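To start, the structure under review is shown below, and the notes come after it.
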Amino acid sequence: MRIFILVITILICFSHSGKAQCDFYGAITGLSVSGATAGDNTQEYVLVSVYTGNILSVGSTPDFSALSPGDYQVYAINYEGLRPSEVTVGQPWSGTGAISTCFDASAPYNATVCNTNTPCEFINDITGLSVSGATAGDNTQEYVLVSGETGNILEINPTPDFMGLNGGNYLIYGINYEGIRPTEIAVGQPWSATVAIASCFDATAPYSTNVCEDFCENEPLVVSTSGFTTTGAFSQTYILVDISLDEVIGLNNTGTFDASLLSANDQLEIYALNTDDATLLATISDGVTWSAIESDIPNYCADLLGPRSIIILSSTDGACCDTTVKGFLR
(Lines give C-alpha, C1' and ligand atoms only; values in the text may rest on other atoms or scores of the structure.)
Protein backbone atom coordinates (compact mmCIF):
# COMPACT_ATOMS: atom_id res chain seq x y z
CA MET A 1 0.00 0.00 0.00
CA ARG A 2 1.30 3.46 -0.91
CA ILE A 3 0.60 6.27 1.53
CA PHE A 4 0.74 9.99 1.20
CA ILE A 5 -0.14 12.19 4.13
CA LEU A 6 -2.89 14.77 4.16
CA VAL A 7 -2.47 17.03 7.17
CA ILE A 8 -4.99 19.84 6.93
CA THR A 9 -6.64 22.15 9.40
CA ILE A 10 -9.52 24.29 8.29
CA LEU A 11 -8.68 26.75 11.07
CA ILE A 12 -5.52 27.99 9.35
CA CYS A 13 -5.88 28.61 5.64
CA PHE A 14 -2.76 29.11 3.59
CA SER A 15 -1.68 29.18 -0.02
CA HIS A 16 1.12 27.40 -1.81
CA SER A 17 2.98 27.72 -5.09
CA GLY A 18 0.85 25.16 -6.94
CA LYS A 19 3.60 24.44 -9.50
CA ALA A 20 2.91 20.98 -10.87
CA GLN A 21 5.62 19.89 -13.29
CA CYS A 22 8.43 17.67 -12.00
CA ASP A 23 11.86 19.29 -12.24
CA PHE A 24 13.67 16.66 -10.18
CA TYR A 25 12.98 13.20 -8.78
CA GLY A 26 13.95 12.54 -5.17
CA ALA A 27 16.86 14.98 -5.19
CA ILE A 28 17.99 18.34 -6.58
CA THR A 29 21.27 18.00 -8.50
CA GLY A 30 23.14 19.53 -11.42
CA LEU A 31 22.55 23.21 -10.67
CA SER A 32 25.34 25.72 -11.29
CA VAL A 33 25.89 29.36 -10.39
CA SER A 34 28.22 32.12 -11.53
CA GLY A 35 29.24 35.64 -10.58
CA ALA A 36 29.94 35.06 -6.89
CA THR A 37 32.51 37.24 -5.14
CA ALA A 38 35.79 35.40 -4.57
CA GLY A 39 38.55 36.18 -2.09
CA ASP A 40 37.87 35.46 1.56
CA ASN A 41 34.12 35.19 1.05
CA THR A 42 32.22 31.95 1.59
CA GLN A 43 29.69 30.69 -0.94
CA GLU A 44 27.01 28.24 0.16
CA TYR A 45 23.60 27.02 -0.94
CA VAL A 46 20.34 27.10 0.96
CA LEU A 47 17.28 24.90 0.45
CA VAL A 48 13.97 26.45 1.47
CA SER A 49 10.50 24.90 1.64
CA VAL A 50 7.96 26.85 -0.40
CA TYR A 51 5.19 25.57 1.88
CA THR A 52 6.66 26.81 5.17
CA GLY A 53 9.25 29.35 4.03
CA ASN A 54 11.77 27.75 6.40
CA ILE A 55 15.36 26.78 5.72
CA LEU A 56 15.72 23.00 5.31
CA SER A 57 19.40 22.61 4.51
CA VAL A 58 22.60 24.62 4.05
CA GLY A 59 25.43 23.11 2.04
CA SER A 60 28.63 23.80 0.16
CA THR A 61 27.15 22.57 -3.15
CA PRO A 62 23.71 23.09 -4.74
CA ASP A 63 22.90 19.38 -4.39
CA PHE A 64 20.20 18.19 -1.99
CA SER A 65 19.29 14.50 -1.70
CA ALA A 66 16.57 12.34 -0.11
CA LEU A 67 13.90 15.01 -0.59
CA SER A 68 10.19 14.50 -0.07
CA PRO A 69 7.89 15.46 -2.95
CA GLY A 70 7.10 19.16 -2.91
CA ASP A 71 8.08 22.65 -3.99
CA TYR A 72 11.44 24.07 -3.02
CA GLN A 73 13.61 27.15 -3.54
CA VAL A 74 17.39 27.07 -3.77
CA TYR A 75 19.43 30.20 -2.96
CA ALA A 76 23.14 30.79 -3.47
CA ILE A 77 24.55 32.92 -0.64
CA ASN A 78 27.86 34.73 -0.30
CA TYR A 79 29.17 36.18 2.97
CA GLU A 80 32.28 37.32 4.75
CA GLY A 81 33.43 35.84 8.04
CA LEU A 82 31.08 33.63 10.03
CA ARG A 83 27.79 32.46 8.54
CA PRO A 84 25.00 34.79 9.74
CA SER A 85 22.89 33.25 12.50
CA GLU A 86 19.76 33.93 10.43
CA VAL A 87 20.95 31.29 7.94
CA THR A 88 20.18 28.26 10.08
CA VAL A 89 18.09 25.15 9.46
CA GLY A 90 14.59 25.72 10.81
CA GLN A 91 14.75 29.50 10.57
CA PRO A 92 12.51 31.40 8.13
CA TRP A 93 14.32 32.52 4.98
CA SER A 94 12.58 35.88 5.35
CA GLY A 95 14.79 36.50 8.38
CA THR A 96 17.79 36.97 6.09
CA GLY A 97 16.39 40.35 5.16
CA ALA A 98 17.59 41.63 8.53
CA ILE A 99 21.23 40.63 8.01
CA SER A 100 23.38 43.76 8.31
CA THR A 101 26.80 42.17 7.79
CA CYS A 102 28.48 41.62 4.42
CA PHE A 103 25.98 39.18 2.88
CA ASP A 104 24.27 38.64 -0.46
CA ALA A 105 21.92 36.05 -1.94
CA SER A 106 20.81 35.10 -5.42
CA ALA A 107 17.24 35.12 -6.62
CA PRO A 108 15.57 31.78 -5.83
CA TYR A 109 15.72 28.82 -8.16
CA ASN A 110 12.24 27.28 -7.96
CA ALA A 111 12.01 23.51 -8.25
CA THR A 112 9.31 20.88 -7.89
CA VAL A 113 10.61 17.55 -6.62
CA CYS A 114 8.62 14.39 -7.25
CA ASN A 115 9.01 10.84 -6.00
CA THR A 116 11.95 8.82 -7.29
CA ASN A 117 11.39 8.37 -10.99
CA THR A 118 10.15 4.78 -11.01
CA PRO A 119 9.22 4.22 -14.67
CA CYS A 120 6.13 2.09 -14.05
CA GLU A 121 4.69 2.46 -10.57
CA PHE A 122 1.22 1.83 -12.00
CA ILE A 123 0.01 0.25 -15.22
CA ASN A 124 -3.04 1.90 -16.83
CA ASP A 125 -4.76 2.74 -13.51
CA ILE A 126 -3.78 4.55 -10.29
CA THR A 127 -5.26 2.67 -7.33
CA GLY A 128 -4.45 1.75 -3.74
CA LEU A 129 -3.38 5.13 -2.39
CA SER A 130 -4.53 6.09 1.11
CA VAL A 131 -4.53 9.34 3.05
CA SER A 132 -4.86 10.39 6.67
CA GLY A 133 -5.13 13.51 8.76
CA ALA A 134 -7.83 15.41 6.88
CA THR A 135 -10.12 17.75 8.79
CA ALA A 136 -13.58 16.25 9.26
CA GLY A 137 -16.87 17.98 10.01
CA ASP A 138 -18.51 19.91 7.17
CA ASN A 139 -15.36 19.96 5.07
CA THR A 140 -15.13 18.19 1.73
CA GLN A 141 -12.13 16.04 0.90
CA GLU A 142 -11.39 15.26 -2.75
CA TYR A 143 -8.48 14.19 -4.93
CA VAL A 144 -7.11 15.99 -7.94
CA LEU A 145 -5.15 14.41 -10.80
CA VAL A 146 -2.75 16.79 -12.54
CA SER A 147 -0.71 16.20 -15.69
CA GLY A 148 2.99 16.28 -14.89
CA GLU A 149 3.58 17.51 -18.43
CA THR A 150 1.13 20.39 -18.76
CA GLY A 151 0.34 21.20 -15.12
CA ASN A 152 -3.39 21.13 -15.88
CA ILE A 153 -6.10 19.41 -13.85
CA LEU A 154 -7.32 16.20 -15.52
CA GLU A 155 -9.75 14.69 -13.00
CA ILE A 156 -11.36 15.39 -9.61
CA ASN A 157 -12.57 12.37 -7.65
CA PRO A 158 -13.96 11.57 -4.20
CA THR A 159 -11.32 8.79 -3.96
CA PRO A 160 -7.65 8.74 -5.03
CA ASP A 161 -8.35 6.24 -7.81
CA PHE A 162 -7.93 7.20 -11.47
CA MET A 163 -8.59 4.66 -14.20
CA GLY A 164 -7.74 4.19 -17.87
CA LEU A 165 -4.85 6.65 -18.00
CA ASN A 166 -2.41 7.34 -20.79
CA GLY A 167 1.19 6.55 -19.95
CA GLY A 168 3.09 9.45 -18.39
CA ASN A 169 3.83 11.37 -15.22
CA TYR A 170 0.99 12.49 -12.95
CA LEU A 171 0.66 14.36 -9.68
CA ILE A 172 -2.12 13.67 -7.18
CA TYR A 173 -3.19 16.24 -4.60
CA GLY A 174 -5.52 15.69 -1.67
CA ILE A 175 -7.65 18.79 -1.18
CA ASN A 176 -9.86 19.90 1.69
CA TYR A 177 -12.28 22.81 1.54
CA GLU A 178 -15.36 24.27 3.19
CA GLY A 179 -18.55 24.94 1.28
CA ILE A 180 -18.58 24.93 -2.52
CA ARG A 181 -15.55 23.67 -4.40
CA PRO A 182 -13.37 26.64 -5.44
CA THR A 183 -13.79 27.58 -9.12
CA GLU A 184 -10.04 27.24 -9.61
CA ILE A 185 -10.43 23.49 -9.04
CA ALA A 186 -11.89 22.47 -12.39
CA VAL A 187 -10.86 20.07 -15.15
CA GLY A 188 -8.70 21.87 -17.69
CA GLN A 189 -7.58 24.59 -15.30
CA PRO A 190 -3.92 24.93 -14.32
CA TRP A 191 -3.13 23.66 -10.83
CA SER A 192 -1.03 26.79 -10.36
CA ALA A 193 -4.28 28.82 -10.23
CA THR A 194 -5.02 27.35 -6.78
CA VAL A 195 -2.51 29.79 -5.32
CA ALA A 196 -5.18 32.48 -5.75
CA ILE A 197 -7.85 30.68 -3.71
CA ALA A 198 -8.86 33.01 -0.89
CA SER A 199 -11.49 30.82 0.76
CA CYS A 200 -10.76 28.17 3.38
CA PHE A 201 -8.82 25.64 1.31
CA ASP A 202 -5.77 23.45 1.72
CA ALA A 203 -3.90 20.87 -0.32
CA THR A 204 -1.22 18.27 0.23
CA ALA A 205 2.17 18.28 -1.39
CA PRO A 206 1.96 16.34 -4.67
CA TYR A 207 2.23 12.57 -4.84
CA SER A 208 4.13 12.04 -8.08
CA THR A 209 3.81 8.80 -9.98
CA ASN A 210 4.49 7.32 -13.38
CA VAL A 211 1.82 5.36 -15.19
CA CYS A 212 2.69 2.98 -18.01
CA GLU A 213 0.45 1.55 -20.67
CA ASP A 214 0.86 -2.07 -21.62
CA PHE A 215 1.82 -3.19 -25.11
CA CYS A 216 2.71 -6.71 -26.25
CA GLU A 217 6.14 -7.80 -27.40
CA ASN A 218 4.90 -9.46 -30.58
CA GLU A 219 2.97 -6.44 -31.85
CA PRO A 220 4.14 -3.18 -33.39
CA LEU A 221 4.05 -0.16 -31.10
CA VAL A 222 1.82 2.52 -32.59
CA VAL A 223 1.25 6.07 -31.32
CA SER A 224 -0.13 9.20 -32.93
CA THR A 225 -0.23 12.96 -32.45
CA SER A 226 -2.20 15.79 -33.99
CA GLY A 227 -2.07 19.55 -34.30
CA PHE A 228 1.69 19.79 -34.82
CA THR A 229 3.38 22.21 -37.22
CA THR A 230 3.93 20.92 -40.76
CA THR A 231 4.66 24.14 -42.65
CA GLY A 232 8.05 24.83 -44.21
CA ALA A 233 10.72 22.40 -43.07
CA PHE A 234 8.93 21.36 -39.87
CA SER A 235 8.51 17.64 -39.25
CA GLN A 236 7.30 15.38 -36.45
CA THR A 237 9.83 12.81 -35.25
CA TYR A 238 8.85 10.01 -32.86
CA ILE A 239 11.62 8.87 -30.53
CA LEU A 240 11.63 5.57 -28.60
CA VAL A 241 13.81 5.54 -25.45
CA ASP A 242 14.89 2.65 -23.24
CA ILE A 243 14.56 4.11 -19.73
CA SER A 244 17.01 1.74 -18.05
CA LEU A 245 19.75 2.54 -20.58
CA ASP A 246 18.86 6.23 -21.10
CA GLU A 247 19.30 5.42 -24.77
CA VAL A 248 17.44 6.07 -28.01
CA ILE A 249 16.49 2.73 -29.55
CA GLY A 250 14.31 3.90 -32.43
CA LEU A 251 13.03 6.99 -34.27
CA ASN A 252 10.79 7.64 -37.25
CA ASN A 253 8.21 10.03 -38.68
CA THR A 254 5.25 7.61 -38.58
CA GLY A 255 4.80 6.74 -34.89
CA THR A 256 5.00 3.01 -35.64
CA PHE A 257 7.85 0.98 -34.11
CA ASP A 258 8.49 -2.59 -35.26
CA ALA A 259 7.93 -5.41 -32.78
CA SER A 260 11.57 -6.44 -33.23
CA LEU A 261 12.54 -3.45 -31.04
CA LEU A 262 10.42 -4.70 -28.13
CA SER A 263 11.18 -7.30 -25.48
CA ALA A 264 9.05 -8.49 -22.57
CA ASN A 265 9.33 -6.34 -19.44
CA ASP A 266 11.01 -3.43 -21.26
CA GLN A 267 10.06 -0.08 -19.75
CA LEU A 268 10.16 2.52 -22.49
CA GLU A 269 9.24 6.13 -23.22
CA ILE A 270 8.07 7.69 -26.46
CA TYR A 271 8.52 11.35 -27.34
CA ALA A 272 7.32 13.41 -30.30
CA LEU A 273 9.66 16.17 -31.47
CA ASN A 274 8.44 18.94 -33.77
CA THR A 275 11.20 21.05 -35.30
CA ASP A 276 12.65 22.45 -38.50
CA ASP A 277 16.21 22.45 -37.18
CA ALA A 278 18.35 20.02 -39.14
CA THR A 279 21.24 20.43 -36.68
CA LEU A 280 19.07 19.19 -33.80
CA LEU A 281 17.72 16.25 -35.78
CA ALA A 282 21.24 15.24 -36.78
CA THR A 283 22.16 14.74 -33.12
CA ILE A 284 19.45 12.10 -32.60
CA SER A 285 20.15 8.55 -33.67
CA ASP A 286 19.96 5.01 -32.31
CA GLY A 287 22.30 4.49 -29.37
CA VAL A 288 22.74 8.12 -28.29
CA THR A 289 22.17 9.17 -24.67
CA TRP A 290 18.66 10.59 -24.49
CA SER A 291 19.02 12.79 -21.39
CA ALA A 292 21.79 14.80 -23.11
CA ILE A 293 19.57 15.37 -26.14
CA GLU A 294 16.51 16.25 -24.07
CA SER A 295 18.35 18.85 -21.99
CA ASP A 296 19.65 20.52 -25.16
CA ILE A 297 16.29 20.80 -26.96
CA PRO A 298 15.30 24.15 -25.31
CA ASN A 299 18.25 25.72 -27.16
CA TYR A 300 16.52 25.10 -30.50
CA CYS A 301 13.28 26.09 -32.20
CA ALA A 302 11.50 22.89 -31.21
CA ASP A 303 8.56 21.49 -29.28
CA LEU A 304 8.91 18.21 -27.39
CA LEU A 305 5.81 16.23 -26.48
CA GLY A 306 5.95 13.41 -23.94
CA PRO A 307 7.06 11.20 -22.45
CA ARG A 308 4.52 8.50 -23.09
CA SER A 309 5.51 5.70 -20.69
CA ILE A 310 4.90 2.08 -21.66
CA ILE A 311 5.72 -1.41 -20.45
CA ILE A 312 6.05 -4.38 -22.78
CA LEU A 313 4.15 -7.52 -21.81
CA SER A 314 5.20 -11.02 -22.70
CA SER A 315 3.27 -12.48 -25.63
CA THR A 316 2.13 -15.22 -23.25
CA ASP A 317 0.56 -12.72 -20.86
CA GLY A 318 -3.21 -13.03 -20.84
CA ALA A 319 -3.54 -9.24 -20.90
CA CYS A 320 -2.05 -9.06 -24.40
CA CYS A 321 -4.52 -7.99 -27.05
CA ASP A 322 -4.62 -6.39 -30.48
CA THR A 323 -2.57 -3.24 -30.98
CA THR A 324 -4.51 -0.01 -30.71
CA VAL A 325 -3.37 3.39 -31.88
CA LYS A 326 -3.02 5.61 -28.83
CA GLY A 327 -2.63 9.37 -28.70
CA PHE A 328 -0.33 11.47 -26.58
CA LEU A 329 -1.38 13.32 -23.43
CA ARG A 330 -1.66 16.73 -25.05
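Within the option set L240, L280, being surrounded by 13 or more Cβ atoms within 10 Å (Cβ to Cβ), over 23 Å from the mean Cα position of the chain (by Cα), under 25 Å from D23 (Cβ atoms) and outside the structural domain of L165 (by TED's automatic domain parsing) holds for one residue only, L280. Residues in region 89-100 that are in contact with a strand residue (DSSP E or B) (Cβ under 7 Å, 6 or more places away or on another chain) and loosely packed, with under 13 Cβ neighbours inside 10 Å: V89, G90. Annotation for region 256-266: at least one member residue is within 23 Å of the chain's Cα centre (by Cα) and either at pLDDT 95 or above or not assigned by TED's automatic domain parsing to the domain that holds Y173 (or both).
Considering region 45-60, and only residues there that are crowded, with 18+ Cβ neighbours inside 10 Å and within 16 Å of A107 (Cβ to Cβ), the residue that is modelled with the lowest pLDDT turns out to be V50. Within region 74-90, residues that are at positive phi reach partners that are modelled with pLDDT under 95 and of a type outside the set (V, I, T) with beta carbons closer than 8 Å, at six or more positions or on different chains, in the pairs G81/C102; G90/N54.
Scan region 170-183 and tell me whether some residue there is outside any helix (DSSP H, G or I), of a type in the set (D, E) and closer than 30 Å to N265 by Cα. Within region 170-183, not a single residue is outside any helix (DSSP H, G or I), of a type in the set (D, E) and closer than 30 Å to N265 by Cα.
The values are calculated or read from the model by the stated rules, or taken from the named source; none is laboratory data. All values derive from a computational prediction rather than experimental measurement. Cβ atoms come from the backbone with ideal geometry, glycine included; neighbour counts cover every protein chain shown.
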